[in-house]
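Following: one structure in structure tokens, then a few remarks.
Here, each number is a calculation from the coordinates, and none is a lab measurement. Everything quoted here is computed from the prediction, not taken from an experiment. Heads up, the Cβs are rebuilt from the backbone with ideal geometry, glycines too, and the neighbour counts pull from every protein chain shown.
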Amino acid sequence: MALIVHKYGGTSMGSTERIRNVAKRVAKWARAGHHMVVVPSAMSGETNRLLGLAKELAPAKTNTAYDRELDMLASTGEQASSALLAIALQSEGMASVSYAGWQVPIKTNSAFTKARIESIDDARVRQDLAAGRVVIVTGFQGVDPDGNITTLGRGGSDTSAVAVAAAMKADECLIYTDVDGVYTTDPRVVPEARRLSTVSFEEMLEMASLGSKVLQIRSVEFAGKYKVPMRVLSSFTPWDIDIHEEAKSGTLITFEEDEKMEQAVVSGIAFNRDEAKISVVGVPDKPGIAYQILGAVASANIEVDMIIQNLSKDGKTDFSFTVHRNDFARTMDLLKEKVVPALGATEVSGDAKICKVSIVGIGMRSHVGIASKMFRSLSEEGINIQMISTSEIKTSVVIDEKYMELAVRALHKAFDLDQA
Ligand code: ADP
Ligand code: ASP
Ligand code: MG
């Protein structure tokens, strides 16, 4: 008998029919003798619907009080889907109980809309498991030290599932979704993308942080920190397929590097359109510019990703960086009002129509020329590179958003990712 955590995403929970299917699948696992904890997302579209309603009524200037209510609101999506799943399991003849995050409790800090899990008390869940119940724990949410409901950021149910698996030392955490595993790139953008039967934890971490939304990055961090065996697989296979076959399907996140050594240098391509570029132009070139610009941005709690400073000409330089698109307007205002006058810079300009495309692979550590192959392939498509950043196992470029698909397809081909 094993302790298994299943997580089902929004599409997998998207209708009563799909919830019934999930219930049948979970019941199959429970009947095979496993202790089952299930973490569902809200039904697809529900979180967007709820947040859309809030937006209609939102005050002109929002603050923490508003974010608190967003979490009260958005958390109801998972509460509803969890209760529905428990009911569906009861219809399958399985004893089942659902808990909201605060009931477990899953304790988080107070950063509304992007809270971090601090601890999970599994006593109540264990009691139910011992009594033969399937336990459903809402994804995406927790409770802060003051008893406020918090949420973990979009896509956060992955993190709930892995955190529960880590806290309970589960034998495996299975992330069921609407694709049958982790692919070389988003299969919705590149139809030739191939499923990876394994992907190293480090690669998965990079891919998630660089925009592959198949897993929320925090979930991968948890899996790495607590060595949670984790697999991404499809919820759209027939629920009654052989359980051993199902247990081996999808993509396994591995923690040993050696297995991958003989494989491709580049394992995957990630991309995202979530960033915007800001340039402070004509800055007098003297020590402390980076600190003055980025220090002000950091003080406003805005995260900066890529940074580039141009060579200075006639004593002046241009300084560019990227931030999340949600922080774009705020950063522009901050720079215009405070930083540009203080620095004596000419102007600040912004571009939200950019995207970041990245190649990822642990093989890049031991091979040279990978980045230049990337640049060549983009230049052959006539795509201009605006910014570059590299680390041991990835190279990212910022390009015009309109070339995103072209770039991803070209790189997928250049690195032979469509070849098995
Ligand atoms: P869920 O609702 O199950 O959490 P998500 O929509 O969050 O599902 O994540 C699954 C989606 O991630 C897929 O439908 C796919 O379009 C997208 N995706 C992006 N990059 C990848 C990738 N490398 N491999 C697989 N899916 C990817
Ligand atoms: N329902 C939440 C969202 O849409 C969390 C999740 O699905 O993982 O972001
Ligand atoms: Mg998701």
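Odds and ends about this structure:
- If a spin label sat at a point 7 angstrom from the Cα of D178 along the line to its beta carbon, the backbone N atoms of region 12-41 nearer than 19 Å would be those of 12-23, 39-41.
- Our coupling estimate for region 69-81, obtained by passing each phi through the Karplus curve with A = 6.51, B = -1.76, C = 1.60 and θ = phi - 60°, is 6, 4, 6, 3, 6, 5, 5, 5, x, 6, 5, 5, 5 Hz, Gly and Pro reported as x.
- DSSP beta bridges confined to the chain are antiparallel in about 65 percent of cases.
- What you get for region 143-254, charging only the Cβ of Lys and Arg (+1) and of Asp and Glu (-1), is a dipole of about 220 debye around the Cα centre.
- Nearest-ten-degree value, helix 289-299 long axis tilted from longest Cα axis of the chain: 30
- Separation of alpha-carbon centers, region 208-245 and region 42-108, rounded to whole Å: 22
- Spacing of the modelled spin labels on A131 and R376, each 7 Å from Cα toward Cβ, amounts to 6.6 nm.
- Here each label is just a point 7 Å from Cα along the line to Cβ, and for K169 and N148 those points are 3.5 nm apart.
- The helix-based estimate of mean residue ellipticity at 222 nm for the chain, built from -39,500 (n - 2.57) per DSSP H run of four or more residues and divided by its residue count, is -10500 deg cm²/dmol to the nearest 500.
- Rounded to the nearest 20, the Cβ-based charge dipole of region 297-399 about its Cα centre (Lys and Arg +1, Asp and Glu -1) stands at 220 debye.
- Rounded to whole Hz, the Karplus (6.51, -1.76, 1.60) HN-Hα couplings of region 238-252, x for glycine and proline: x, 4, 9, 5, 3, 5, 5, 5, 4, 5, 9, 7, x, 10, 8
- The stretch between S91 and I241 holds 52.0 nm of extra length on full extension. This uses 0.36 nm per residue minus the Cα-Cα distance.
- Test item: Cα-centred dipole of region 366-407, Lys/Arg +1 and Asp/Glu -1 on Cβ, debye: 160
- Among 294-306, 68-80, the order from most to least packed when residues are scored by Cβ within 10 Å on average: 68-80, 294-306
- Applied to region 170-183, the Karplus parametrisation 6.51 cos²θ - 1.76 cosθ + 1.60 on θ = phi - 60° returns per-residue 3J(HN,Hα) values of 5, 6, 7, 10, 9, 9, 8, 9, 9, 10, 8, x, 8, 9 Hz, with x for Gly and Pro.
- A Förster radius of 41 Å combined with the Cβ-Cβ distance from E337 to V189 puts the calculated FRET efficiency at roughly 0.60.
- For region 1-136, the spread of Cα positions along each principal axis, largest first, Å: 54, 33, 16
- Cut-off 17 Å, label 7 Å out along Cα→Cβ of A300, residues of region 315-335 by amide N: 319-335
- Where labels lie 7 Å past Cα in the beta-carbon direction, separation of L73 and K402 in nm: 3.5
- Axis of helix 46-57 versus longest Cα principal axis of the chain: the two differ by about 50°, to the nearest ten degrees.
- Tensor-based shape of the chain (alpha-carbon gyration tensor, a/c under 1.5 rounded, otherwise prolate or oblate): oblate
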